[in-house]
Amino acid sequence: MRKTLFSIVLILLGVSGKAQFTNLHNFPTAGGYSSLTYVNGVLYGTVNSGGTNNVGYIYSMNSNGTSFTVLYNFVGDASFPCGSLLYDNGTLYGMTSQGDGVNTGGGTIYKLNIDGSGYAILHSFTYQNPNDGFSPQNSLIILGNTLYGMTRKGGAVFPEIGGEGTIFKINTDGSNFSILHSFAYGEENPYGSLLLSGNYLYGMTSTYSSNTNAGKIFKINVDGTGYVILYNFNGADGAKPNGSLVISGNTLYGMTALGGNTFTGIRKGNVFKINTDGSGFQSIYNDLNGSTNYTWSYGSLVLVGNVLFGKSNVNLYSLNTDGSNYQWYNWGGYGSTTGSFDPMENGNLTFGGGVLYGVNNRFGGDSGGGVIYKFAPSTLGVDSNNSIENLIEIYPNPTNDNIIIDFRSEVSINNYNVKIYTMLGQEVLNSIINQEQQSISLNSLCGKGIYLVKIFNDSNSLIASKKIMLK
């Protein structure tokens, strides 16, 4: 598929800050575009229409806008990709919202090598099956060799009418698919993705039936036990959370599409925080988009250091994790005007290589079909090693046998050095990593206890120091 490539730099003024938007790629026709996945200077994404068979395709592109390449064109057995791609050790994993039939083809889980080879369907969802999901709308996460995800429909609750949604797991080779949880009536419709922290999965459901049932935050153990609702939204504190959660320490941050202190008549959305045990819920900004009363928020927040970035249907915004320094970044004449941007999409901003990337799904660009853009606001300060350390996650922690060091696609990894020490300073492991998500076996360690993990960049500078527990 031939694409027109060029780069236009626009300096755009926001209400209280400046941002630089760079147009990296113009799509020829409007469609639904996923969030991007950043891997070592390359962006991967999907489009849920178009392509050879007009049911979507997977693409890659260098982060400077060059070498746009269609890696795979979907066909009838798996169509209309949703969510973002998950990268792990040279393989991309994703889901489609439809399969090989309206009633039996409720979406798929698939994998593809990053060079476009090795496409395989790992699982096909089925309709009215209490032991299966149906109609995924989000993305996968991974722990070891296990993928976790959610479906908007399916499961054991009211399967005869399509089900209320599920949490599931499946091995990366397609084996051992199982339902961990079937959502009940009144807590259904998860549109976002799961968040993994330690041995827990966190997420949100977006059902909005009344001001007392306007969406929920939940957590569940990775083995499917211990499901608990952490919080019920009531409209005034937010409503209809369509995205995913982010985490810093023991604090979860998220966003609702509707609600907030201007809930009556004006739908502006709310940014909130809550502790991982369900305590301490606080609205940190509940008047998104200021006096603009026809906007609502999309997707999920992105956490970079202590700054949260998000978007509505007409602008991008940022604020500190304590709710201060709210800024929104707008541009005049959004719509079909050449070079404009409209962030309305079922996706999120993606942080990688020190900047943010995004995709719109309508308008903008030479053909009015949307663009891939780079976003570099002045609030994006991530140059210090301390900021990088805040972006690195190590899980599960505590652990029995291995850990995953996850840079969350925030940094280009090349010959980084991981060293693990006992608390007496004895070095017990030394390993080189070259990918954003690396599993490390702890079999060589000296038994149960607390260990110190130190991570050095390719210049041998210490960028992170974290404790883990081997149990």
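With both labels modelled 7 Å from their Cα along Cα-to-Cβ, the Gln426 to Lys448 distance reads 1.8 nm.
Solvent-accessible surface of the stretch 84-187, taken per residue with a 1.4 Å probe and all protein chains present: 37 Å². Scale the Cα Rg of the stretch 66-129 by the rule-of-thumb value 2.2 N^0.38 Å and send over the ratio, two decimals. This ratio for the stretch 66-129 stands at 1.15.
Distance between the C-alpha centres of the stretch 122-138 and the stretch 423-458: 38 Å, rounded to the whole angstrom.
So which of Lys219/Lys273; Lys419/Lys448; Lys219/Lys471 end up more than 19 Å apart, counting from Cα to Cα? From Lys219/Lys273; Lys419/Lys448; Lys219/Lys471, over 19 Å: Lys219/Lys471.
Could you pull out the chymotrypsin sites (Phe, Trp or Tyr not before Pro) across the stretch 94-198 that fall in loop regions by DSSP (anything but H, G, I, E, B) with no more than 10 other Cβ atoms inside 10 Å? Walk me through the intermediate numbers first.
Values: sites: Tyr110, Tyr119, Phe125, Tyr127, Phe134, Tyr148, Phe168, Phe177, Phe183, Tyr185, Tyr191; in loops: Tyr119, Phe125, Tyr127, Phe177, Phe183, Tyr185, Tyr191.
Listed in order of number, the matching sites are Tyr185.
The values are calculated or read from the model by the stated rules, or taken from the named source; none is laboratory data. These numbers were taken from a predicted model, which means no experiment stands behind them. All Cβ positions, glycine included, derive from the backbone under ideal geometry; neighbour counts span all protein chains shown. Heavy atoms of the whole protein, side chains included, go into the accessibility calculation; ligands, DNA and RNA do not. Shrake-Rupley method; radii C 1.70, N 1.55, O 1.52, S 1.80 Å.
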